[in-house]
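Below is one structure, written out as structure tokens, with a few remarks after it.
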Amino acid sequence: MSKRKTVKLGDLAAEGRSVISGPFGSNIGKRYFQNEGVPVIRGNNLTTDYRKFIDEGFVFLTKEKANELNSDAIEGDLIFTAAGTIGQVGIIPKDAKYKRYTISNKQLRFRVDTQKADPDFIYAWLASPWILRAITNRDTGSTVPLINLGIIRSLPVILPEDISEQKKIAAVLSALDTKIDCNNRINAELEAMAKTLYDYWFVQFEFPDANGKPYKSSGGKMEYNSTLKREIPAGWGAIQLNELLQSRTDSITASELDSGSPYTPIDALPMKKMSFGVAQPSSEANTSLIQYKENDILIGAMRVYFHRVCIAPFDGVTRTTVIVLRANEPNHLPYLYQVCNEDRTINIASKMSVGTQQPYVNWENALENHAIPHPENDTLVQKYSSMLLSVTKDVINREKENAELAKLRDWLLPMLMNGQVTVA
């Protein structure tokens, strides 16, 4: 094991114009954006949760405009958010989709001298919780959080003197992050598949008819439904959500919680994801608490347009800003989740919301009365749910696995960094 040394990040900068801020805002406004060209890195491409780089969701500049701005980022460059969600950091990976990017006016770029340090090791250090705290503690903004190049250069870095050891440590941490990322990609594909099939059968009414062909496009009979005010398959009817799901408001006080009870306030529910694996400790739970059970459907009721609809992976506690729903027929969970997750349901919930600054949708006398088209018997619902039940379980299990991998990474990280644990 090599000795550790403490330096400032600025000491590890490559020669030349290696530490830069993005261009002035007026030089990179919407009027310059194109459908293709050089991608612009913005805040949505960076995170605070060890995802190295979100390589999508770009706007683009022409090559000539990017040349003019001279704010490029390439493989191995570290990118920081300078205004807004400070603490976000990323690294352009070896397998990036593009060879060249431009940073936006709210980003900072740092290029590591690879003779002094391994960029992936430095990224792992900078993405750690203690550096996140160091950055947020150095916020210079009054209304909008801000950091500058001086703060970035002054960040402390503890690293092995031997670069090969840095690379080994980075490889171990990267392997964990890669597995988490792989799980997330698989889940995204499976969730998209489940939603597509639901839309095909229950929204477009192209479920298999008696001959196994798509019902509507094969001439299946459609009838006008006065409740829904549209045509639906013959024999189908309108059913309200409260006939399929029951709301649970089982209250509990903070003093009654077990120390190991997972706490999931509304902000901890991910947007547009089927489930989650991470929860906050019960010590952070205070007031307005209600319990949920594994496989309950949780809907973020405040600002419901953020689309927080998840299946609970375990028993836990949330707040009354979350609607807790339990399936009347547990075997229909995959179908009922899609009913709640459907864009139309969220749009209706948004329109039913009350309040201005923090609009809130109620279940009682509001969302519970939302009517949807429903088959005359449960055969089709059962068929969909049976097909998707294992997929749903797989998605939830991967979320749990990711939570365990993240916990392992967070446990290993400080010990690898300070030399308590070594890599052969």
Task: DSSP-assigned coil residues among chymotrypsin sites (Phe, Trp or Tyr not before Pro) in segment 1-79, each with at most 13 further Cβ atoms within 10 Å - done: Phe24
- [ ] Would you list, by chain and number, the lysines whose Cα falls below 27 Å from the Cα of Lys351, excluding same-chain residues fewer than 8 positions away?
- [x] Lys195, Lys229, Lys272, Lys273
Task: Net charge over other residues, Cβ less than 12 angstrom from the Cβ of Lys3 (K, R count +1; D, E count -1) - done: -1
- [ ] Would you mind telling me the share, in percent, of accessible area of segment 119-195 contributed by carbon and sulfur at probe 1.4 angstrom?
- [x] 60 percent
TODO: May I ask you to compute the full-extension gain from Lys99 to Ser350, defined as 0.36 nm times their residue separation minus their alpha-carbon distance, rounded to one decimal in nm?
DONE: 86.2 nm
- [ ] Would you please report the Å³ per residue occupied by the convex hull of the alpha carbon atoms in segment 270-364?
- [x] 103 Å³
Open item on the list: Out of the GluC sites (Glu not before Pro) in segment 294-366, which ones are loop residues according to DSSP with at most 12 other C-beta atoms within 10 Å?
Closed with: Glu294, Glu364
- [ ] Using the heavy atoms of the protein chains and a 1.4 angstrom probe, tell me the accessible area per residue for segment 267-370 in square angstrom.
- [x] 43 Å²
Task: Distance between segment 146-219 and segment 220-236 - C-alpha centres, whole angstrom - done: 38 Å
Open item on the list: Counting other C-beta atoms within 10 Å, and keeping those with at most 15, which DSSP coil GluC sites (Glu not before Pro) do you find in segment 3-80?
Closed with: Glu15, Glu36, Glu56, Glu75
TODO: List every residue whose amide H lies under 5 Å from the amide H of Gly87, counting only residues 5 or more places away in sequence or on a different chain, with H placed 1.01 Å from N in the peptide plane.
DONE: Thr81
Task: Whole-angstrom gap from segment 275-310 to segment 105-144, using each part's C-alpha centre - done: 31 Å
TODO: On a C-alpha basis, how far is the centre of segment 353-424 from the centre of segment 1-77 in Å? Whole number, if you could?
DONE: 32 Å
TODO: Step through the residues of segment 62-74 one at a time and calculate ³J(HN,Hα) from phi using the Karplus curve (6.51 cos²θ - 1.76 cosθ + 1.60, θ = phi - 60°), rounding each to whole Hz and writing x for Gly and Pro.
DONE: 5, 4, 5, 5, 4, 4, 5, 6, 6, 10, 6, 9, 10
TODO: Sort out the exposed loop trypsin sites (Lys or Arg not before Pro) in the chain (DSSP loop, at most 13 other Cβ within 10 Å) and tell me the longest stretch that has none.
DONE: 294-424
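The values are calculated or read from the model by the stated rules, or taken from the named source; none is laboratory data. This structure is a prediction, so every number in the text was calculated from the model and none was measured. Here the Cβ is made from the backbone with ideal geometry for all residues, glycine too, and neighbour counts use every protein chain on show. The protein model used for the area step is the full one, side chains on, heavy atoms only, and it has no ligands, DNA or RNA in it. Shrake-Rupley method; radii C 1.70, N 1.55, O 1.52, S 1.80 Å.
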